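Visitor: Before anything else, here's the structure in question.
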Amino acid sequence: MPDNLYALGWQILTDPDLSALVRRAYTQGVVLDTWMHGDWQAEIVPAAQNQLAQEAEVLAAQIRREPIAGPVYPFSFPYLTHLFQAVLTSMALFRVHTQSQVKCVSPQAVTQARDTLDHFAAQEPWGLRAVLRVFHVIWSFEDLNALCYFRRLPRAEFLSGISHRPWVQELLADQLSLYLRMGLVKEWLAGQGEMLRLTPRGQEVLRELTRILEDSGELAWRANQQRWDIFRILDYDTVFHAVLPDYDEVTQTFLDFRPRQSGMQVLEVGAGTGRVCVDMGLYQQVLPGGQVLALEPSPAMIARLQDKCTQHHITNVQVIRGHAEQLPLPDRQFDQTLAVAVLHFTDVEQAVQDMVRVTKPGGWVGALLPPPEIDVREIPMVALWLRPLSELAEEWGLPFSDRNGLAPGRLEAAFRQSGLEAITLWPVPMTVTVEDPQAFFALGVKGAAIFQHVLARLPYRERGHLLHQLEQRGKELVTQTQPEEQRHIYYGEAIWGQVPQDP
């Protein structure tokens, strides 16, 4: 029986469509929010909690009536109920966390989560069983990864989920039973009581699970969601200026290279909280008669930008939600299209191409970016401070940081490949400082999420503990180092190019 179960599990894991299935799930909102660090979580009102329990029972009953396309491990009705309640809860929380003005999970959010789940299942050949496949990949990764990381865990601690999976602990007993029967986990008695450890077979399965999550983009997606989740509660403007004290001056130099005129139509891609289009007066430069369209993907950022426009009685800034790679705009609309400190978070070639598409012939496209592949360890204090992250990255064969700036030459190449002419690229000096370690930690470590590719591979509790320890370490180091050890001048990139005139 163990070998039969293992063979079945391995057959499912090596299904060539499994990575694509995981990708289809999270891109459609069928998600499990394992990236959260507990900074903020929406409250679930009692009526919504009751509805979650009821919907989960309906789904559990439904999946037991579905025809089975192949051998499936016979999970119990209580197990399936807990699983669907966990999935729906996570989906409802995710919906709330991506809506800036919503503070709690309501029955309406639960209904929307159920509708999303039904829509996903209706499109999949496996129906609701596709949901089981997706979440067993994610949960199994969390479980086996914790045993690999800690080397061994007391059985009681594993079953409590406190170390690695503080959600749906009710499922852990059944899943541990399955791991034991498949030969992925071994138990033995030690001085601390009954212990669990990963077997060679379990290590093989963990490698395959990691590959699936990497190939599907799920781990990278977690990192991006962590970024938006932190930005929701972050005083972004304050910490940005504390870490990059001369960035406004640098931005102004970039803007002045191609001045705006009254009546112009300007698009700012990735407008954030309005640092450029509002605080730096971009909207004033196109008056009278001109307009700035501010595009931003984060609902939290959009809410703050709209508040600024209301407070300052600004009427010529229109705010829309969207992504740089797929601008929801018609062709040839803008005299200038620009992006400040944004394109390194995008598929830069696609983003620049779309920026060119929406710009008028003869118009200008510009971008200001941080230094190519910036390494914050050039700041001596940071090298000491973030050494634990450096060591983990080295141990796992990962780069120290991710989404930390484009590779040298990639920005200019993207501009040239898009057909822009009269391209001007120049280096711009910018200071990065950690003299306010809490600001740097909030923006650079948690908000920018450039270390999430490392943190995502840590068990949940260990991830939280490491972040807490690093935050405290930063407060200590700032008192033990000199000002010159707490800052560094880097060279970012500024670029402008002109859209060709029609023949």
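Visitor: For segment 2-216, what percent of Cα pairs sit more than 24 Å apart?
Guide: Within segment 2-216, distances greater than 24 Å cover 44 percent of Cα pairs.
Visitor: Using the 10 angstrom Cβ neighbour count as an exposure proxy, how do Lys103, Lys308, Lys446 rank, fewest first?
Guide: Lys103, Lys308, Lys446
Visitor: Same structure again: How much length, in nm to one decimal, is gained on full extension between Arg387 and Asp215, taken as 0.36 nm per residue of separation minus their Cα-Cα distance?
Guide: 59.1 nm
Visitor: Pop the C-beta distance of Ser262 and Thr315 into the FRET formula with R0 = 25 Å and round what comes out to the nearest 0.05.
Guide: Computed FRET efficiency for Ser262 and Thr315: 0.95.
Visitor: Another question, if that's okay. Rounding to the nearest 20 debye, state how big the charge dipole of segment 2-216 is about its Cα centre with +1 on each Lys and Arg Cβ and -1 on each Asp and Glu Cβ.
Guide: 260
Visitor: While we're looking at this one, here's another question. Normalised by the number of residues in segment 2-216, what is the relative contact order in percent for Cα pairs under 8 Å and 6+ residues apart?
Guide: 26
Visitor: Please arrange Asp215, Asp331, Asp143 by how many other C-beta atoms lie within 10 Å of their C-beta, fewest to most.
Guide: Asp331, Asp215, Asp143
Visitor: Explain nothing, just the number: relative contact order of the chain, from Cα pairs under 8 Å at least 6 residues apart, as a whole percent.
Guide: Once normalised by length, the contact order is 15 percent.
Visitor: Put +1 on the Cβ of each Lys and Arg and -1 on the Cβ of each Asp and Glu in segment 236-498; which of Gly444, Val348, Val454 then has its Cα farthest toward the positive end of the dipole?
Guide: Among Gly444, Val348, Val454, the one farthest towards the positive end of the dipole of segment 236-498 is Val348.
Visitor: With all distinct Cα pairs included, what does the Kirkwood hydrodynamic radius of the chain come out to in Å, to one decimal, could you say?
Guide: Hydrodynamic radius (Kirkwood, Cα pairs) of the chain is 24.9 Å.
Visitor: With a point put 7 Å past each Cα toward its Cβ, work out how far Ala61 is from Gln350 in nm, to one decimal.
Guide: Between Ala61 and Gln350, the simple spin-label model gives 4.2 nm.
Visitor: Given charges of +1 on the Cβ of Lys and Arg and -1 on the Cβ of Asp and Glu, with all other atoms neutral, how large is the dipole of segment 236-498 about its Cα centre, in debye to the nearest 20?
Guide: 600
Visitor: Of His344, His453, His313, His323, how do they rank once you tally other Cβ atoms within 10 Å and put the fewest first?
Guide: Going from sparsest to densest Cβ surroundings: His313, His323, His453, His344.
Visitor: Kindly point out which whole DSSP H helices in the chain project their C-alpha atoms 27 angstrom or further along the helix axis while averaging a Kyte-Doolittle hydropathy of -1.0 or above.
Guide: 46-65, 77-97, 129-150
Visitor: Working only with C-alpha atoms, what are the Rg and Dmax values of segment 184-341, expressed in angstrom?
Guide: 23.5, 79
Visitor: A further question follows. Please compute the length gained on full extension between Asp17 and Gln438, using 0.36 nm multiplied by the number of residues separating them and subtracting their Cα-Cα distance.
Guide: 147.3 nm
Visitor: What percent does the relative contact order of segment 236-498 come to when contacts are Cα pairs within less than 8 Å and at least six residues apart?
Guide: 23
Visitor: Can you give the % of DSSP beta bridges in the chain that are antiparallel, to the nearest 5?
Guide: So the antiparallel bridges amount to about 55 percent of the total.
Visitor: For segment 238-260, list residues with backbone N below 19 Å from a point placed 7 Å from the Cα of Ile489 toward its Cβ?
Guide: Backbone N within reach: 243-254.
Visitor: Now for a different question. Once both labels are modelled 7 Å past Cα along the beta-carbon direction, what's the Asp307-Leu398 spacing in nm?
Guide: Reported label-point gap for Asp307 and Leu398 is 3.3 nm.
Visitor: Turning to a different aspect of this structure: Mind checking the dipole of the chain: about its Cα centre, +1 per Lys or Arg Cβ, -1 per Asp or Glu Cβ, Debye to the nearest 20?
Guide: Its charge dipole is roughly 920 debye.
Visitor: Tell me, what HN-Hα J-couplings in whole Hz come from the Karplus equation 6.51 cos²θ - 1.76 cosθ + 1.60 at θ = phi - 60° for each residue of segment 496-503, using x for Gly and Pro?
Guide: Running phi through 6.51 cos²θ - 1.76 cosθ + 1.60 with θ = phi - 60° gives 9, x, 9, 6, x, 6, 4, x Hz.
Visitor: Right, something else. On full extension of the chain, what length is gained from Gln472 through Arg197, given 0.36 nm per residue of separation minus the C-alpha to C-alpha distance?
Guide: 95.8 nm
Visitor: Return a single number: how many Lys pairs in the chain, at a sequence separation of 8 or more or on separate chains, have alpha-carbon atoms below 28 angstrom apart.
Guide: 4
A short reminder: the numbers here are calculations on the coordinates, not readings from a lab. Just so you know, these numbers come straight off a predicted model, no measurement behind them. In this analysis, Cβ positions are derived from the backbone assuming ideal geometry, glycine residues included, and neighbour counts consider all displayed protein chains.
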